[in-house]
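Peer 1: Questions regarding the structure given below will be posed in turn.
The values are calculated or read from the model by the stated rules, or taken from the named source; none is laboratory data. Just so it is clear, the model here is predicted, and its values are computed rather than measured. Surface accessibility is based on the protein's heavy atoms, side chains included, excluding ligands, DNA and RNA. Shrake-Rupley method; radii C 1.70, N 1.55, O 1.52, S 1.80 Å.
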Amino acid sequence: MLMLHSALIIVGLVAMGWGFPAAHRLRRPLDIVAALVVLAGLCSALLGTLLVAVPGFFRG
């Protein structure tokens, strides 16, 4: 499971790394998609970090 949680962090960072410049570079309808990718990447990276730090967080 640690590999899956680490993959969430890496995918989130890659999404944010692509989305930040793309949100300023792309035209009007596509910049919104890039901004949403940044938001999804941020959520993914934060969730992965939480699950790496506290492995049984959602188990109750």
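Peer 1: Length gain on complete extension for the stretch residue 46 to residue 27, per 0.36 nm per residue less the alpha carbon to alpha carbon distance?
Peer 2: Additional length available on full extension: 4.0 nm.
Peer 1: Roughly speaking, to the nearest percent, how much of the chain's 1.4 Å accessible area is carbon and sulfur?
Peer 2: Carbon and sulfur together cover 78 percent of it.
Peer 1: Per residue, how much accessible area does the chain have with a 1.4 Å probe, in Å²?
Peer 2: 74
Peer 1: Oh, and also: Which angle from 0 to 90°, rounded to the nearest 10, does the C-alpha axis of helix 28-53 make with the longest principal axis of the chain?
Peer 2: Once rounded, one gets 10 degrees.
Peer 1: So, one more: Between 36, 46, 26, where does the largest GNM mean-square fluctuation fall for the chain, given springs only between Cα atoms within less than 10 Å?
Peer 2: 26
Peer 1: I've got another one for you. Quote to one decimal, in nm, the extra length available between residue 58 and residue 5 on full extension: 0.36 nm per residue of separation minus the C-alpha distance between them.
Peer 2: Here the segment from residue 58 to residue 5 would lengthen by 17.8 nm.
Peer 1: Suppose only helical runs count, i.e. DSSP H with n ≥ 4. What mean residue ellipticity at 222 nm does that imply for the chain under -39500 (n - 2.57) per run, divided by all residues and rounded to the nearest 500 deg cm²/dmol?
Peer 2: Calculated at 222 nm, the ellipticity per residue is -29500 deg cm²/dmol.
Peer 1: Taking the Cα atoms only, what angle lies between the long axis of helix 2-25 and the longest principal axis of the chain, rounded to 10 degrees?
Peer 2: 10
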